[in-house]
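What follows is calculated from the coordinates using simple rules that are stated; it is not laboratory data. As the structure is a prediction and not an experimental result, all values here were calculated from the model. Every residue, glycine among them, receives a Cβ derived from its backbone with ideal geometry; neighbour counts consider all protein chains shown.
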Amino acid sequence: MTATEIGAPVRRKEDFRFITGKGQYTDDINRPGQSYAYFVRSPHAHATIKSIDATAARAVPGVLAVLTGDDLAADKVGGLICGWMIHNKDGSPMKAGAHPALAQGKVRYVGDHVAVVVAEDYATARDAAEKVVVDYGVLPAVVDMNEAVTGKTVIHDVAPDNRVYDWSLGDKAATDAAFAKAKHVTKLHIVNNRLVPNAMEPRAAVGDYDSGTEQFTLYTTSQNPHVARLVLSAFIGIAPEHKLRVIAPDVGGGFGSKIFIYAEETVCVWAAKKVGRPVKWTADRTEAFLSDAHGRDHVTDAELAMDEKGRILALRVKTKANLGAYLSTFSSSVPTYLYAPLLSGQYDIPAIYCEVDGIYTTTAPVDAYRGAGRPEATFVVERIVEVAARELGQDPTAFRRRNFVRKFPHQTPVIMMYDAGDYSASLDKALEMADYRNFGKRKRESARKGKLRGIGFSAYIEACGIAPSAAVGSLGAGVGLWESAEIRVNPVGTVEVLTGSHSHGQGHETTFAQLVSARLGVPIDQVSVVHGDTDKVQFGMGTYGSRSGAVGMSAISKALDKVVAKGKKVAAYVLEASADDIEFKDGRFQVAGTDKSLAFGEVALQAYIAHKFSGQELEPGLKEGAFYDPTNFTFPAGVHICELEIDPETGVTTIERWTAVDDFGHVINPMIVEGQVHGGIAQGVGQALLEGARYDANGQLVTASYMDYAMPRADDLPSFQVGTTVTPCPSNPLGIKGCGEAGAIAAPPAVINAITDALGHEDIAMPATPQAVWKACQKAARKMAAE
Amino acid sequence: MYAFNYVSPKTVRQAASALAKAADDGKLLAGGQTLLPTMKQRLASPGVLIDLAKVDGLSGIELKGRSLVIGAMTKHADVATSEVVKQAIPGLAALAGEIGDPAVRNRGTIGGSIANNDPAADYPAAALALNATIVTNKRKIPADQFFTGLFETALEPGEIVVKVSFPIPSRAAYAKFRNPASRYAMVGVFVAKRGGDVRVTVTGAGASGVFRAPALEEALKKRFSPKSLEGVTVPATGLNGDIHASADYRAHLIVVMAKRAVAAAIAK
Amino acid sequence: MASVSMTVNGKSVTGNVDPRTLLVQFLRENLRLTGTHVGCDTSQCGACVVHVDGRAVKSCTTLAVSCDGAHVTTIEGLANGTELHPMQAAFREHHGLQCGFCTPGMIMTAVDMVNRKGSNLDEHTIREELEGNICRCTGYHNIVKAVAAGAQAMASTGQKVAAE
């Protein structure tokens, strides 16, 4: 077996355990003596807690403990945190209310955590939870953001008008000036619907405490176990970092929802010591709907200013972002720094001004969900650009092309410095693959069958990597966003790669091993990737924001450079040459210009036996680590084209063709990258056509199960045509940009642009359900009849 | 799920006696594809669950004269794939093949569906449109009298559905518009023509469960063709409205689905 | 408590369970066969699909006591030692999984699909037949490819469900 090439569609190393049922997800882990937690949750959106009587619950046989917010306070356990400080327009800090893991005095959304019952088994815990008597003083729910900002009902005393922040980005004066001289202004009101992430594995946690060593262990469904450990120790104060081990084993999807540090895992670790038994909690799907951080939920008014030829002069955006009842871990950054800096899209826009109000409501916290801010920005840009083109009577592709950024690097007016790209190339390729030329013919064929056919475009850009650390720190991030890697070469030449990235479906065990195999010339089956355990990997920032390729693999690459450099030194001693004369190629260290060489494995062995050099000259062993902090964000971009057919009789929309052309820079494993694109598109189509979390006026979540929250299923979707273009990313050693979120970012405006194209009018809200489309068809028909 | 006692009788008589003994606290388990999720969500809490799975003689499909007789515990998958059903009432086989998903069809039963009378269930539409007779351990109940309201039937305490007898129509078909989330019928329309009589029944849409649509029936009696339904409307009053579909939209879909069902019935 | 006996992946097993124990709980907790997963409470997602007496069922919507005397096959019983079932192999070959959580249910559903519908499955049929299995990662594109290929491979190896 030989080394694996970069760019080869290597089949996944991790698949064997998953397809044979041998995966080890958190709920598959059982600790000796394990007990089970069930949370008493608020049935009210907003209420004071007058009293909690757990007497009857504690009397249920098998119940080990009933714990409340008072117990947390008595143990001085701190509240959950939001790790990104946003400042208001006037420079003052945002207003963040306290977020105890178990409510203290007040509940603020349906599903809020009131108490936990720990029992011998799950059924007993759940039965007993119903016997916990909570006396609530019910307060009005505040679901609507416009109502919230009136301050009639205050959710957190610290924010009297329920406004967490009023924030802005960009040059207001320059933007207003550009609007003043515009020949045409397009205006659009946009609702970016609230979504529930719905990783198929519900969240779960097992807390364990060893009283002999005073060591805590938390098994949890996390995308970033080190960040979880940091927050649980440094801020919540459960245990010092060196006494807390966090393990994120196989994790069944995350999409952002498993980045955050939630009440449940906090309580499980704490309760494990309190009860003296391991404590397991596994969410059921309804709990997931109620208490996983939701995504999106923006209301935006956008205006685009253009000159007489349709050149964009400026963009003005005002957004209200629903943050829910508490600030989740990274929630404050999503509608601000992950959103507004993307409002330039792929376009050369001289002036942009964006204002964002972050608002508390009595709903579940809202935080990052696949794309996190970037889908919201892309939806604003790609919808308004499409509408503008239609208003000006221009072909939407020509309008986009006219305004594309063409020269790189390109500094936008909203922080970002685009480093590389070729937007026309992606558009050209996509148009070709989508057979745009013959769209008119297909539309006429549909019309003959009584169907309405439409085509919609989305020329998206996103920013991945979220770095450099110093830059995000200056914007308010509480952490650095670098990544770490360690390469441990064993004496026999096999390799362990320890990474701070975390795979929950992305295939790191394959892609990362592929990189190492290609670089070291070691067969891929002799490379193993270790992640998700704070005792094994020293520190890492985890996986989100499409960062594991661009940042995580760059750290690996940097560590590999060090391994090769050290290997050269070892080889030099063995081959009796100067290290400068040693070349490393195809898995061999060779003295330049000679036939003297050593295989990688031989050098590894020599490094460990250390017979040929003294420890004073060179340390034995072959193990190198690296921390990689990027110099810029990365900027994946591309064009997605959605072609669909509407049955005006029922309002049913059928996607007939999906074309995606993405520029992810260099690609290590195209099979995995395509899979990421497929999944992202499905989630984006889900947002556009199916999904929407809905609260009623009392703050009850109406869509709290798959009976009412429409998940995309196989028969809702077509197969996708996926292609790529390549402009390598100049800011990292591998030229990688990131691919995990592209589909979810690109897809929603492509769908809505296609529907509005088919219907011949300008707006429809997401999700464009059959009912919504049918109503729009009726409206269009009435309009036509009137004309 | 709350705790319950489980019994697994071998005969209808044993089942009936267990049911009588449990009085109001007993529930029959007939596949459980609706009951078990309801119990899991703690919305139902029977003290005794009487599993009909091992009761003799409750499954099977046979032709009896001009009727198709299906045992109460016959699974949807078996009705969907039965050559006998496909020959006799292809629209009924097709309906069974659209209930839930393949795994649900492997456990859910016709008797369970009819006795539960979920407002979004498919079988009640067929039973009512085909004027089926529901045979219990005590009597025979015409479908017209069987479905009495939301989750309500004419079944008395201790009464167990044994089989359902469908008179064979000349033409019949079902058209279903699925709820985008649950995939249950948001509107399901069954049309059946037998001699000069036409019945059109609607499930998924009615606030009180399955119902007949007289306006559509009258129009189709004149001529059994989708064209006969052009311009015919169904009033929205008494229809469900929810986040997925308003009563108006459901009313509209009833006519559209009726047209499609008639077209399918003619094509067969 | 109620006593229950069944054959799981070819082995006889017995247990004493609370009647409210679901088949999936019996498999996961009593037998420690954790390949069968729970992804929802409403019988929609299909992560829990196993075969009972040769037919795919949702083990989260089936009581363990109802399976007394039944033959149950789970994802753990599909491969013949290290030799994968053709459907498992097809999921790997066609990248029909990402996080792997829905995968056991998908594969069990796919095998059942082939047993019922034969090995020549078109895309439309596969998508309709997957109605009861939700995947959040793959967008289904590669699952559909995997099922089609797995079906063909099952035909060429003459294989139905293993271990029955």
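Across the stretch A:92-107, coupling constants 3J(HN,Hα) worked out from phi with the 6.51/-1.76/1.60 Karplus curve, θ = phi - 60°, read 6, x, 4, 9, 10, x, 5, 9, x, 5, 10, 3, 10, x, 8, 10 Hz, and Gly and Pro carry x. For residue A:153 and residue B:148, the FRET efficiency from 1/(1 + (r/R0)^6), where r spans their Cβ atoms and R0 equals 41 Å, is about 0.40. A crude spin-label estimate for the pair residue B:263 and residue A:401, with each label 7 Å from Cα along the Cβ direction, gives 3.9 nm. The lysines whose alpha-carbon is closer than 23 Å to the alpha-carbon of residue A:76, local same-chain residues fewer than 8 away aside, are A:50, A:95, A:106, A:243, A:273, A:274, A:280. For the options C:145, C:58, C:117, a Gaussian network treatment of chain C with springs between C-alpha atoms closer than 10 Å singles out C:117 as fluctuating the most. Between the listed residues A:689, A:24, A:151, the Cα displaced farthest toward the positive end of the dipole of the protein assembly as shown, a dipole computed from Cβ unit charges relative to the Cα centre, is found at A:689. Highest mean packing comes first when the peptides B:49-58, A:756-765 are listed by Cβ atoms within 10 Å, giving B:49-58, A:756-765. Per residue of A:247-256, other chain Cβ atoms within 10 Å of the residue Cβ number 3 on average. The gain in end-to-end length when the residue A:133 to residue A:775 segment is fully stretched comes to 226.5 nm, 0.36 nm per residue minus the alpha carbon separation. Across B:72, B:175, B:215, mean-square fluctuation computed from a Gaussian network of chain B (C-alpha pairs under 10 Å connected) peaks at B:215.
Using the Cβ of residue A:612 as centre and a radius below 12 Å, the other residues enclosed give a net charge of -2, where K and R count +1 and D and E count -1. When a/c is below 1.5 the answer is rounded, else prolate if a/b is larger than b/c, else oblate, so apply that to chain A with a ≥ b ≥ c taken from the square roots of the Cα gyration tensor eigenvalues. Here chain A falls in the oblate category. For chain A, a simple Cβ point-charge model (Lys and Arg +1, Asp and Glu -1, everything else neutral) yields a dipole of about 1060 debye relative to the Cα centre. Counting Cβ atoms of other protein chains within 10 Å of each residue's Cβ and taking the mean over peptide A:275-285 gives 1. Amide H contacts under 5 Å for residue A:369: A:296, restricted to partners 5 or more places along the chain or on a different chain, H placed in the peptide plane at 1.01 Å from N. The peptide list A:583-590, A:332-339, A:382-389, put in order of mean Cβ contacts within 10 Å with the highest first, becomes A:332-339, A:382-389, A:583-590. Across C:51, C:124, C:71, mean-square fluctuation computed from a Gaussian network of chain C (C-alpha pairs under 10 Å connected) peaks at C:124. Applied to the stretch B:242-253, the Karplus parametrisation 6.51 cos²θ - 1.76 cosθ + 1.60 on θ = phi - 60° returns per-residue 3J(HN,Hα) values of 8, 5, 8, 7, 6, 4, 4, 5, 4, 4, 5, 5 Hz, with x for Gly and Pro. Look at the alpha carbon pairs under 8 Å that are at least 6 residues apart: their mean separation over the length of the stretch C:51-164 gives a relative contact order of 37 percent. Between residue A:617 and residue A:11, the FRET efficiency estimated from the beta carbon spacing at R0 = 56 angstrom works out to 0.80. For residue C:33, the residues whose amide H sits under 5 Å from its own are C:28, ignoring neighbours fewer than 5 places away on the same chain, with H placed 1.01 Å from N. The H on the amide N of residue C:8, modeled in the peptide plane, is under 5 Å from the matching H of C:13, C:72, each at least 5 residues off or on a different chain. Computed over neighbours whose Cβ is under 15 Å from that of residue A:556, the net charge equals -1, Lys and Arg +1, Asp and Glu -1. Evaluate the Debye formula for the stretch A:172-311 with equal point scatterers sitting on the alpha carbons, no solvent, and hand back log10 of I(q)/I(0) at q = 0.11, 0.12, 0.18, 0.21 Å⁻¹, in q order, two decimals. Rounded to two decimals, the profile gives -0.55, -0.60, -0.95, -1.19. Applied to the stretch A:288-304, the Karplus parametrisation 6.51 cos²θ - 1.76 cosθ + 1.60 on θ = phi - 60° returns per-residue 3J(HN,Hα) values of 4, 4, 6, 10, 5, 5, 7, x, 6, 6, 10, 10, 9, 10, 10, 9, 10 Hz, with x for Gly and Pro. Highest mean first, the peptides A:346-359, A:228-241 sorted by other C-beta atoms within 10 Å per residue fall in the order A:346-359, A:228-241. Averaged over peptide B:233-243, the number of partner chain Cβ atoms lying within 10 Å of each residue's Cβ comes to 1.
Here, P(r) means the percent of Cα pairs in each 10 Å bin from 0 to the largest distance; for the stretch B:5-51 it is 29, 55, 16, 0.
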